[in-house]
Amino acid sequence: MTARQSAADLEPKLEKVRRLLPVTKERVYFNHAATGPLPLSAVKEMNKFCRRAANEGAVPYLEAEKVVEETRGLVAKLMGVKPEEIAFVKNTSSGIILAIGLIPWERDDNLIMMSDAFPANSYPYHLLLADVEKRFVTSVELASGPECIFRLVDKNTRAVALDWVHFLSGAKFDIATISDFCRKKGIYLIVDAIQGLGAIRENFEKIGADFVAAGGGKWLLAPQGIGVLYIKNKTLPSLKPFNLGWLSCHWEEFNSTFTPKPLKRSASKFEEGTKNYLGIYGLREALKLILEFGLAEITERVYHLTGLLQDKLMEFGFELLTPKERQLRAGIVTCRKSGMDMVKLQAQLEKEKFICSVRENWLRISPHFYNTEDEVERFVQQIKIFSE
């Protein structure tokens, strides 16, 4: 599939997906950078889990764990990594906090991070590493290339923490080049991937970052409260575990509770206690939907729709914060127009069931693969009506 292909070329596949997303019946939903809608297939499986818990008392542990491992495999397929490199977490924040705790920090270490990252990728470093020197780059600097990182590195640089896709501008950063640099220097790389995972295809094994965290509740179309953390296999031996618990070990049954159980060797050992099974059941179905449609096809659709949006908004006199070049962006289009109040515009759009966000007084529009060219056209036409 190419970016030039219209929705008509994909109509059967798109219609199948749209039937699973009832939000499409009454709304033009362009807000995946905030929260993604749940597909009915996920709702169905989560409801089945709840009904069994209500009627039977519980879903048996080993049965639920089979779903966990199936879902772990789907996450690995999505990311291009090995299942044993995936741990389930609550959200992006918990994944980043886990990465911070696992890194063996030493006196005089410094950390390179973004001054304008989303708070999930900034607050943990300030709150947990108050005594570690911080060196900052901006999203604008990163969008120009990775050299801004390289200039700040010295022998005491322990880690670099970056967004993959910036939550505000929608700029996509060259984490592959930065990862290669960090690997050669023995520096840990932590990536917040929530604004790209599920929208843009990437092979994270080739990228080589040490940690990649993402919540499921945006582009992955999964429930809130479930996320994933990739930890590179080669990184595991250098880490300093701090959160190991009883379910960090292998359990087949709970009769012989006093018999010592072996510690897991994979990233799953950091799942220290009872998991969010309900969220994992929902995540499994969302991943099935994404993988069945095809991540390559999804990527092309996202680029196509965002490019179309950019062109139409520019024709209408909007200023784009998001880079125009395909390789420098993902699924977010951020814009504003002189003389228009973006907060008021977003509220007007929402009343007409066109859903997007305002961030830092910019209008942030984030369509996904199942959206259509017709929805883009109607969205822009609605903006024109409000401007008259």
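The values are calculated or read from the model by the stated rules, or taken from the named source; none is laboratory data. All values derive from a computational prediction rather than experimental measurement. No Cβ is skipped: glycine too gets one built from the backbone with ideal geometry, and neighbour counts run over all protein chains shown. Side chains included, ligands, DNA and RNA excluded: accessible areas come from the protein's heavy atoms. Shrake-Rupley method; radii C 1.70, N 1.55, O 1.52, S 1.80 Å.
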Surrounding net charge for residue 131, when Lys and Arg each add one and Asp and Glu each subtract one, Cβ distance under 14 Å: -1
Label-point separation in nm, residue 386 to residue 138, each point 7 Å along Cα→Cβ: 2.8
Extended-chain gain in nm, criterion 0.36 nm per residue less alpha-carbon gap, residue 263 and residue 340: 21.9 nm
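Kindly sort 366, 144 by accessible area of their heavy atoms, largest first, with the probe set to 1.4 Å.
Details: 366 0, 144 100 Å².
Sorted descending by solvent-accessible area, the residues read 144, 366.
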Measure of compaction for the range 53-99 (Cα Rg per 2.2 N^0.38 Å): 1.42
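So how do 115, 41, 248 rank on accessible area, 1.4 Å probe, biggest first, that is with the largest at the start? Mind showing how you got there, number by number?
Values: 115 70, 41 30, 248 0 Å².
The most accessible residue leads, giving 115, 41, 248.
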Dimensionless Rg/Rh of the range 4-83 - Kirkwood Rh, Rg from C-alpha atoms: 1.07
Cleavage-rule hits, trypsin sites (Lys or Arg not before Pro), the range 150-227, DSSP coil, Cβ neighbours within 10 Å at most 13: 151, 155
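Can you compute the helix-only [θ] at 222 nm over the chain? Use -39500 (n - 2.57) per DSSP H run of at least 4 residues, normalise by all residues, nearest 500 deg cm²/dmol. Numbers along the way, then the final one.
Numbers: 14 runs with 153 residues, N = 388.
Only helices count here, giving -12000 deg cm²/dmol.
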Debye equation applied to the C-alpha atoms of the range 104-219, log10 I(q)/I(0) at 0.10, 0.17 Å⁻¹: -0.26, -0.79
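With every protein chain kept in place and ligands, DNA and RNA left out, what is the accessible area per residue of the chain? Probe 1.4 Å, answer in Å². Display every interim value, and only then the final one.
Details: 17190 Å² over 388 residues.
I get 44 Å² per residue for the chain.
Under 1.5 on a/c is rounded, so check that first for the range 139-282, then, if it is not, pick prolate when a/b is larger than b/c and oblate when it is not; a ≥ b ≥ c are the square roots of the alpha carbon gyration tensor eigenvalues.
Values: a/c = 3.12, a/b = 1.56, b/c = 1.99.
Oblate, since a/c reaches 1.5 and b/c is not below a/b.
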Accessible surface of the range 126-188, 1.4 Å probe, proportion on carbon and sulfur as whole %: 53
Relative contact order of the range 18-91, pairs being alpha-carbon contacts under 8 Å that are 6 or more residues apart, as %: 17
Size of the range 248-388 as Cα extents on the principal axes (Å, biggest first): 74, 30, 25
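Provide the percentage of antiparallel DSSP beta bridges, counting only those with both residues in the chain; round to the nearest 5.
Numbers: 20 of 40 bridges.
Of the beta bridges lying entirely in the chain, close to 50 percent run antiparallel.
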Spatially close lysines, pair count over the range 270-388: Cα under 14 Å, gap of eight or more or interchain: 5
Cα centroid of the range 10-78 to Cα centroid of the range 98-146, whole Å: 33
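Tell me the relative contact order for the range 220-317 as a rounded percent, counting alpha carbon contacts under 8 Å between residues six or more apart. Could the numbers behind the result be given before it?
Values: 61 pairs, mean separation 34.1, N = 98.
For the range 220-317, the relative contact order is 35 percent.
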Exposure of residue 153 as accessible area (Å², to 10), given a probe of 1.4 Å and all protein chains: 30
